[in-house]
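**Q** Quick one: the structure is below, questions incoming.
Laboratory data are not the source of any read-out in this text; all were calculated from the coordinates shown. Because the structure is predicted, anything quoted here is derived from the model rather than measured. Please note: Cβ atoms are built from the backbone with ideal geometry, for glycine as well, and neighbour counts cover all protein chains shown.
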Amino acid sequence: MMRAFLSAGLMLLSIVTAMAQEADAPAKAPGVVGEIETGNACAVEEPSLFEKRRAMAPETYSRLVIDDVTLTAYPSKFGDESLEDQADGSPPMEYLTIERDGKCLHAIADALVFIVWARPRILGNYAEPAPLAILSTFSGGAHCCTSLYALYPGKELKLQELSLGNAEAELSQDWAGGAPHLSFGDDRFAYWNSSYAGSPGGGVSLDWSEDGYRISEQMKGDAPDEKALAQMKKDIGDALMAFGGPYTAIDHTGDRPQTKGELDPIIWANLLDLIYSGHSDLAAKLFDESWPKDVKGKRVFWRDFVKQMQETWIWEPWNLKDELDPGVKFTNGE
């Protein structure tokens, strides 16, 4: 089902993105996301299984040639001994190789691998800068894990990998020759003080630039009006009064000891809506004004919230530490 969803769509994908940047550029330029790879010479953890799978070709592969780059996916083949579950119970590996001039430059291995998108030619020339291809992997499991790789055009092999957890992404283009825009839900707040199904999250968009995929400035929008902010404040305050408190800190295992009442995710859903639309200053102010004085644990909650925000896609690119300070002095009481 996952394979059919990805290969048929080119629109809604259970993956997200990756990118690349010049080798002499800063490791983390503002707005750039993902880790850069320059090729692993097709070294994999289980080389014997890798070679066995490749030896089964051509019956079990799909191949795509783009300029002088050859992408080959070696998927599972039902009934083959080599596709039985591994000794530790994990699913058998599939492989995707990147080759140039007959030399294997990079191999990706996971439970599922895909060639999701490839840059088209327009009238014999590429229409505009774009990734050479977008690749994806899926590890399997109820809530994990997908990764996307953007293959950067150029003489040197460069990939950017981004791990999305269980996020789903949408790939869209302004026109057929353009670079794909990538949109997905940031799942870094999954299970945070809530069940997975009840976990809110922010929406992320990435645009391609000459340095690769970057956080899109188009995510930022107008601030809510006073009426909408007043409703947010009421919703948060009501939810906290129903909770009752005190709020206790999340421990090293990621769990929060049970206290009186349960937390309604509307508390941080409203904060995330403001932050992901570019209004982290308003989010901090709203939180300060919304927390009832009779509910204990305001500062402890804020510290936990900011710590979780530091894991999100936008924390570093948008330099959120300036407006989401875990040690801020509240004006409306602690």
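**Q** When only C-alpha pairs under 8 Å and at least 6 residues apart count, what is the relative contact order of the range 226-322, in percent? Please report the intermediate quantities before stating the final value.
**A** Values: 90 pairs, mean separation 31.1, N = 97.
This gives 32 percent for the range 226-322.
**Q** Using DSSP to define loop residues, name the trypsin sites (Lys or Arg not before Pro) in the range 200-278 whose beta-carbon has at most 13 other beta-carbon atoms within 10 Å. Present the calculation step by step, with values, prior to reporting the outcome.
**A** Values: sites: R214, K220, K227, K233, K234, K260; in loops: K220, K260.
Loop-located and lightly packed - K220, K260.
**Q** Tell me the chymotrypsin sites (Phe, Trp or Tyr not before Pro) within the range 192-298 that lie in a loop according to DSSP and have at most 14 other beta-carbon atoms within 10 Å.
**A** On the way: sites: W192, Y196, W208, Y213, F243, Y247, W268, Y276, F287; in loops: W192, Y196, Y247.
For chymotrypsin sites (Phe, Trp or Tyr not before Pro) across the range 192-298 that sit outside H, G, I, E and B with at most 14 neighbouring Cβ atoms in 10 Å, the list reads Y196.
**Q** May I ask you to list the lysines whose Cα is less than 27 Å away from that of K158, ignoring any residue fewer than eight positions away on the same chain?
**A** Reachable lysines: K28, K52, K103.
**Q** Once you wrap a convex hull around the alpha carbon atoms of the range 226-322, what is its projected area averaged over all directions, in nm²?
**A** 6.2
**Q** Arrange the peptides 175-181, 43-49, 309-315, 132-138 so that the one whose residues have, on average, the most other Cβ atoms within 10 Å appears first.
**A** 132-138, 309-315, 175-181, 43-49
**Q** Ranked by Cβ crowding within 10 angstrom, fewest neighbours first, how are D67, D101, D207 ordered?
**A** Details: D67 11, D101 8, D207 17.
Placing the least packed residue first, the sequence is D101, D67, D207.
**Q** Here's another thing I want to ask about it. Report, in whole Å, the centroid distance computed from the Cα atoms of the range 294-334 and the range 189-262.
**A** When both Cα centres are located, 11 Å separates them.
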